[in-house]
Amino acid sequence: MKRPIDCELNPNESLLYWMSRFIRFKLNSLSNRSLKDPKMLSQVTFALTKGVNSLDELDTLVKRARNAGMSGINTYFNPLKKFVEFISFYNLHSLTQINEELLADFLASATGGLSDATKKNYRIALLSLFGFLDKHNEEDGKAHLFNIELKNWGGITGKGGEKLPEYMNEDELERFLKAIDEAKFKTNENRNKLIIKLILYTGIRVSEALSVKVKDIVQEDDCFSIRILAKGNRHRIVMIKQHLIREHLSELLRESYCKDGLLFCNRFGEMISQAYVSRLVEQILFQAGIRKSKNGAHMLRHTFATLLYRKRKDIILVQEALGHASLNTSRIYTHFDSDRLKEAAKVAEELNINSHKGR
């Protein structure tokens, strides 16, 4: 059913109304292959049909949908949540006052320091919301069209501005591993140490580590073979030497029980957040005296990939180990091949020597 853009409400209430409808629409259109609690999802969509009274209430419903297995909803909701907070500072008398310039102001202030991939997610979320509004608002037989495109937003650097990923060198890695073993956690020590080591020793994404189930881990000779649910609902296998994690794994399985067979969970038996894992990594880095411009858990994946290429010089192996769909994604780690760069330095030295001989 179509409604007037302002719904006879103030702009903030109208935006919250449209946000609720949009989130319900996305929950019905996103892939449900990872759905593990259909009943909870039904409860969420029913609550969204009735409407919400606050952004916090909507936030709670989105978290429940994510816990039900619809994790992709965060790609849309998190940027839009920040947009609602941003727009509340403007004394708008109608949603029709929102235009490309205002959205560009929001993107400039909200995405500073974020990766290009995250900036693109912000842009996609805004385009999706206002595209939804264009199709579903109507008053007196006419719709207000925002026609948001954001083609000229300059916040994304593009391929020419691509940055090299942050990683730890071998000396830093040694200090980091020592800090993990010496770290004292008040609770969940084996869980926290295991998830950090699992990411570091296999290069899997944080989201992939959090989705690992106990049944996905199989002993194979002196290794653990772990079945990973990767991006795009694809599966792959990673391996890790048993002695690297055996003690933490055994203690974790003895100490806790998680819902849905998960390996890692909080005290309620539910999946822990990626932000929590990144805070753990930041804590260990601080204890080890290591400072990086990006201290999150994803840096561990870059560290694994960088050292793997340096040790084996096999870009195909890097692609397979990290689960990259494209070999081009893996090529970024060739930039850290110091042996190749030393060869380039030798050529420059030879040029200098030949230049002096000719004098």
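Some points to look at:
- Meets criteria (over 27 Å from ALA117 (Cα atoms) and either modelled with pLDDT under 95 or not assigned by TED's automatic domain parsing to the domain that holds SER278 (or both)) for PHE185: yes
- Complete set of residues in segment 59-77 that are crowded, with 19+ Cβ neighbours inside 10 Å and within 15 Å of the chain's Cα centre (by Cα): MET70, ILE73, TYR76, PHE77
- ASP105 fulfils the conditions (1) without any contact (Cβ under 8 Å) to a residue 12 or more places away in the chain; (2) part of a loop (DSSP other than H, G, I, E, B) except for a single criterion, (2).
- Identity of the residue in segment 304-328, assigned to a loop (DSSP other than H, G, I, E, B) and free of Cβ contacts under 8 Å to residues at least 24 places away in the same chain, that ends up surrounded by the fewest Cβ atoms within 10 Å (Cβ to Cβ): SER326
- Residue that is modelled with the lowest pLDDT [pool: residues in segment 132-168 that are under 25 Å from the mean Cα position of the chain (by Cα), surrounded by 15 or more Cβ atoms within 10 Å (Cβ to Cβ) and of a type outside the set (Val, Ile, Thr)]: GLY155
- Criterion applied to ILE124, ILE98, ILE195 was being of a type outside the set (Gly, Ala, Ser), modelled with pLDDT of 90 or more, within 30 Å of LEU80 (Cβ to Cβ) and not assigned by TED's automatic domain parsing to the domain that holds TRP18, and the one residue passing it is ILE195.
- Only one of the listed residues (ASN53, ASN32) is surrounded by fewer than 16 Cβ atoms within 10 Å (Cβ to Cβ), outside the structural domain of LYS231 (by TED's automatic domain parsing), of a type outside the set (Val, Ile, Thr) and under 25 Å from SER211 (Cβ atoms). That residue is ASN32.
- Considering segment 18-61, and only residues there that are among the hydroxyl-bearing types (Ser, Thr, Tyr) and part of a loop (DSSP other than H, G, I, E, B), the residue that is farthest from PHE83 (Cα to Cα) turns out to be SER34.
The values are calculated or read from the model by the stated rules, or taken from the named source; none is laboratory data. All values reported here derive from a predicted model rather than from experimental measurement. Here the Cβ is made from the backbone with ideal geometry for all residues, glycine too, and neighbour counts use every protein chain on show.
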